[in-house]
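Inspection log for the structure reproduced underneath, given as structure tokens.
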Amino acid sequence: MSKKWQSVILCSLAMLLILGLSAGVVCLSFAGASIVSVSDVHLREQPASLNVDFSAYGAGKLEMDPSVLYDQACRQTVFLYWEGTDADGKAHSVSGSGFVVSNEGYILTNAHVVSDALEAGVPMKVELFDGRVFDGEIIGADTQSDVALLKTTVYGLMPATLSTAKPKGCQKVYAMGNPDKTLKFTMTSGVVSSLDRTIDFDDGNILNMFQFDAPVNPGNSGGPLYDAYGAVIGIVTAKYMSLNTEGIGFAIPIQDAVKIAGDLKEFGYVRGRPLLGITAIGVEANKLKTGSPAGVMVHSAEEGLAGARAGLTKGDIIYSLNGEKITDMNDLNRVKRNYKAGDTVKIRFWRDGKLMEAYLTFDEVTPEHPTGPVQVEEEPEEKDNAPDEELPADENGSEDGAASDDEAPTEDGTPSEDETPADEQTEAPAEAPEEGP
């Protein structure tokens, strides 16, 4: 073959190679542009590591390769959703995440993920990684801990390994969930960035959680947070929402959730929670007559329950429980959580200008009496609860057995120095985090 023809052939091959590379670049560009539309198809593919022996991992046995951990998480994580109508008849839907904790089909998630379905009396829909959908019966949901337990009729699902170790600072973590409904089975990574965060939510709920920086979004709620060994160390529950911050998520420690789930499975509710048996309104001092103290005003006390037995009646303003000052509903809920059903506390309250005192024994929160106290949205009555100038030392109290206190209040409505409670400060961000990422 002449040199001329060799040159022609080489030039032709070069041109074909260039065209092939260009076509490849174009294909990649289109693939990138359409990634959102094809992601759902991609996520329906089975995990690659079908023959991996997952029993070698978990509980600190062997650190997992992230790709293997993702394959495991796809088998253990579920997409939860419910579609229905709200009180006005408008279409309404909610979604979140959960994870399998038993080969009998039990699934752990957040209570706020299932609250609407629970109120409607219908099951959640449970979607697996392979696209199969089943009903998930809500066994129980505990709003105080934000933990819920579901059960499907599917047996043989791969349960998650639940860590028995406490989270550690800077420990590597992986969050698995279903952000934004469309990006199902998404995994992100980060580290535990802080421990023992006491978070106050806008609805008055208070949760003890740990903080992590793996990105989470709406739809991640209820999903698992894994350690590097493939064991679940927490339930993803909330993220900090602020224009000035990012990368702050919160998770419920898994061992706290396990205790709650055990009661939900066996009894349908969490035993031992204290019940006051009242409805109430948080009131500020300036909402009442001059000189009246801030506190929680009793709106009603259910007959036969703890509040009524202690002598509380409509219009009483709860001032303290066992010496801890109560200024609003959040205070009352926070202090109440230090006790359990059957505990007896000293309760102090204002009535007709006098600081009264009684002993109250908590009842138990049950499905028949599920909450307490309930905050009612109603303006407080105009009632003269201004403290008297003097409280006689021999005041015997009212007919219901509540005795008045023999200590005169100070000008700002606080008790005298020998019983001024130390205010307990809970740690919380400057802006309340948004529950339900």
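Based on the Cβ-Cβ distance from GLU303 to VAL133, what FRET efficiency comes out when R0 is 35 Å, to the nearest 0.05?
The pair GLU303/VAL133 has a calculated efficiency of 0.15.
Suppose each label sits 7 Å from its Cα in the direction of the beta carbon; what would the GLU119-LEU243 distance come out to in nanometres?
Each label point lies 7 Å from its Cα, and together they span 3.1 nm.
FRET efficiency for SER93 and LYS314, Cβ-Cβ distance as r, R0 = 35 Å, nearest 0.05?
The calculated FRET efficiency here is 0.30.
On a full-extension model of 0.36 nm per residue, what is the gain between THR143 and ASP343, subtracting their alpha-carbon distance, rounded to one decimal in nm?
Contour length minus the Cα-Cα distance gives 69.8 nm.
Stretch GLU368-LEU62 to full length: gain in nm at 0.36 nm per residue minus the Cα-Cα span?
105.5 nm
Cα gyration tensor of the range 54-151, axes a ≥ b ≥ c as square roots of the eigenvalues: rounded (a/c below 1.5), prolate (a/b > b/c) or oblate?
prolate
Name the residues whose placed amide hydrogens come within less than 5 Å of the amide hydrogen of SER320, ignoring near sequence neighbours (fewer than 5 apart) on the same chain.
Distant-sequence amide H within range of SER320: ILE326, ARG348.
Given the range 161-271, what whole percent of its Cα pairs are spread farther than 24 Å?
That tail contains 23 percent of the Cα-Cα pairs.
Put a dot 7 Å past each Cα toward the Cβ at VAL258 and ASP180; how far apart are the dots in nm?
Label-label distance for ASP180 and VAL258, simple model: 3.5 nm.
Suppose every K and R has +1 on its Cβ and every D and E has -1 on its Cβ; what is the size of the dipole of the range 161-271 about the Cα centre, in Debye to the nearest 20?
The calculation lands at about 320 debye.
Of LYS172/LYS239; LYS151/LYS265; LYS61/LYS239; LYS61/LYS168; LYS168/LYS340; LYS325/LYS354, which pairs sit farther than 20 Å apart, going by alpha carbon to alpha carbon?
In this structure, LYS61/LYS239; LYS168/LYS340 lie more than 20 Å apart at Cα.
Which of CYS170, CYS74 comes first, and how do the rest follow, when ranked by fewest Cβ neighbours within 10 Å?
Ordered by Cβ neighbours within 10 Å, fewest first: CYS170, CYS74.
Can you give the charge dipole size of the range 54-151 about its Cα centre, rounded to the nearest 20 debye, using +1 on the beta carbon of Lys and Arg and -1 on the beta carbon of Asp and Glu?
Charge dipole, the range 54-151, about its Cα centre: 240 debye, nearest 20.
Want the number for LEU195 to CYS170: 0.36 nm per residue separation, take away the alpha-carbon distance, what's left?
Difference between extended and current length: 8.0 nm.
None of the figures in this text is laboratory data; all of them are computed from the coordinates on show. The model shown is predicted, which means the values in this text are computed figures rather than measured ones. Using ideal geometry, Cβ is built from the backbone for each residue, glycine included, and neighbour counts are taken over all protein chains shown.
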